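Down below is the structure, laid out as structure tokens.
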Amino acid sequence: MFVATDLHGHTFYSDGRATPEEYVEFRRQIGMKAIAIADHDVLAGVRAGAAAAAVSGMLFLPALEVTSHLHYGASGEEQFHVLAYYAHDVLDTPAFEANRFYQRGLLVQRRWRDLVLEWISGLAPEDGEALGFAELEAMSPGTFPALQSMILRIVERKRELFDAFREHHQLFWSSKGPNRDLFGWSPEEAIEAIAADGAVDVIAHPTRYRDKERTLEVIEVARGVEVYTSRHKPEIAQYFRELAESKGKYWTSSSDDHQNARYIRPPCGTPVRTLERICKQTMQLSSLIG
């Protein structure tokens, strides 16, 4: 049995354009039954998303896309993303904000603000004024423009600075930057931390990674695999579905939507078995199955 899902997409809290409410409303309109907001490294949008989903009668899973690396600081360095899914009822108490990844997300937001303001402060005064440095400096980390919002701001106000910003902002995640403590871990270390935080790990878009051998090694220790995603052609999705099922892994169906291209609806739902594992209980999903 399958449920119509979109369990991986982004809002303006990372590299998407939609508010959490807009994100949820779009999925209501196209008939999704279970959804997640999975912003990069932050959980800032999940409470607003959950509230909107509750009004619409959809199952909402708090989630994020955790950045780790293969070959960090060495030849072949590349990002490796692991989705972390929390049970739907984890938001019922304020304790959610005390978990490791929520607190890590607050630090990510502070560090991002610092990196951007440092870059703007090194520009010519007229360029800093054009980007609204004083306005940005007055913003808290939680309201400061995240990646996509910052890119749009630069393109709209001073397009010729875009290439310089693109080169600089990559330092945020890279081993050449200052955030080894946030992003310098391996996928296996991220998976261990996700489990310790009470969440379920799912490897995001596994075809993306250049090191195919290491990707398969990570899948061996992971609990789940993202099978259907806009990054996967049908034959790739079929390969990873067969791989997941042969190894007894949970698998998911998502869009990886950033609102910057045509929305690609997942061609298949997510198995009830996966949702029950994330929610840590056998669920009455008859109203969601279609």
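Which of the helices (runs of 4 or more DSSP H) contained wholly in the stretch 194-290 include at least 1 residues that are among the small types (G, A, S), surrounded by 15 or more Cβ atoms within 10 Å (Cβ to Cβ) and touching a strand residue (DSSP E or B) at 6+ places or on another chain (Cβ under 6 Å)? Explain how you work it out, then say what you get.
On the way: elements: 212-221, 234-246, 272-279.
Of the helices (runs of 4 or more DSSP H) lying wholly inside the stretch 194-290, those with at least 1 residues that are among the small types (G, A, S), surrounded by 15 or more Cβ atoms within 10 Å (Cβ to Cβ) and touching a strand residue (DSSP E or B) at 6+ places or on another chain (Cβ under 6 Å) span 234-246.
Just give me the residues in the stretch 118-144 being in a loop (DSSP other than H, G, I, E, B), open to solvent by 30 Å² or more (accessible area, probe 1.4 Å) and without any contact (Cβ under 8 Å) to a residue 40 or more places away in the chain, in sequence order.
Just the residues of the stretch 118-144 that are in a loop (DSSP other than H, G, I, E, B), to begin with: 122-124, 131-132, 138-144.
Adding the requirement that they be open to solvent by 30 Å² or more (accessible area, probe 1.4 Å) leaves 122-124, 138-143.
Of everything in the stretch 118-144, those that are in a loop (DSSP other than H, G, I, E, B), open to solvent by 30 Å² or more (accessible area, probe 1.4 Å) and without any contact (Cβ under 8 Å) to a residue 40 or more places away in the chain turn out to be G122, L123, A124, A138, M139, S140, P141, T143.
Evaluate the following for A146: is it at pLDDT 95 or above, under 17 Å from the mean Cα position of the chain (by Cα) and within 28 Å of R277 (Cβ to Cβ)? Give the steps one after another, and end with the answer.
Numbers: at pLDDT 95 or above: yes; under 17 Å from the mean Cα position of the chain (by Cα): yes; within 28 Å of R277 (Cβ to Cβ): no.
No, not satisfied.
I'd like the full set of residues that are of a type in the set (V, I, T), open to solvent by less than 50 Å² (accessible area, probe 1.4 Å) and part of a helix (DSSP H, G or I), limited to the stretch 48-101.
Narrowing the stretch 48-101 to residues of a type in the set (V, I, T): 55, 66-67, 82, 90, 93.
Retained after the next criterion (residues that are open to solvent by less than 50 Å² (accessible area, probe 1.4 Å)): 66-67, 82, 90.
Within the stretch 48-101, just V90 meets the criteria.
Select from the stretch 180-192 the residues that are more than 16 Å from the chain's Cα centre (by Cα) and within 25 Å of P271 (Cα to Cα) and write down the one among them that is surrounded by the most Cβ atoms within 10 Å (Cβ to Cβ).
Quick first cut of the stretch 180-192, residues more than 16 Å from the chain's Cα centre (by Cα) only: 180-181, 184-186, 188-189, 192.
The next check asks that each one be within 25 Å of P271 (Cα to Cα); those that pass are 188, 192.
Values: E188: 16, E192: 14.
The extreme case among them is E188.
Report yes if R157 is more than 18 Å from the chain's Cα centre (by Cα), under 30 Å from G132 (Cβ atoms) and part of a helix (DSSP H, G or I), otherwise no.
yes
Residue under question is A36, and the condition is that it be open to solvent by less than 40 Å² (accessible area, probe 1.4 Å), outside any loop (DSSP other than H, G, I, E, B) and free of Cβ contacts under 8 Å to residues at least 40 places away in the same chain; does it hold? If you could, list the steps in order and put the result at the bottom.
Details: open to solvent by less than 40 Å² (accessible area, probe 1.4 Å): yes; outside any loop (DSSP other than H, G, I, E, B): yes; free of Cβ contacts under 8 Å to residues at least 40 places away in the same chain: no.
Considered against the rule, which asks whether it is open to solvent by less than 40 Å² (accessible area, probe 1.4 Å), outside any loop (DSSP other than H, G, I, E, B) and free of Cβ contacts under 8 Å to residues at least 40 places away in the same chain, A36 comes out as no.
The values are calculated or read from the model by the stated rules, or taken from the named source; none is laboratory data. Keep in mind that this is a model prediction, so the values were computed, not measured. Glycine gets a Cβ as well: all are built from the backbone with ideal geometry, and neighbour counts include every protein chain shown. To get the accessible areas, we keep the full protein, side chains included, count just its heavy atoms, and leave off ligands, DNA and RNA. Shrake-Rupley method; radii C 1.70, N 1.55, O 1.52, S 1.80 Å.
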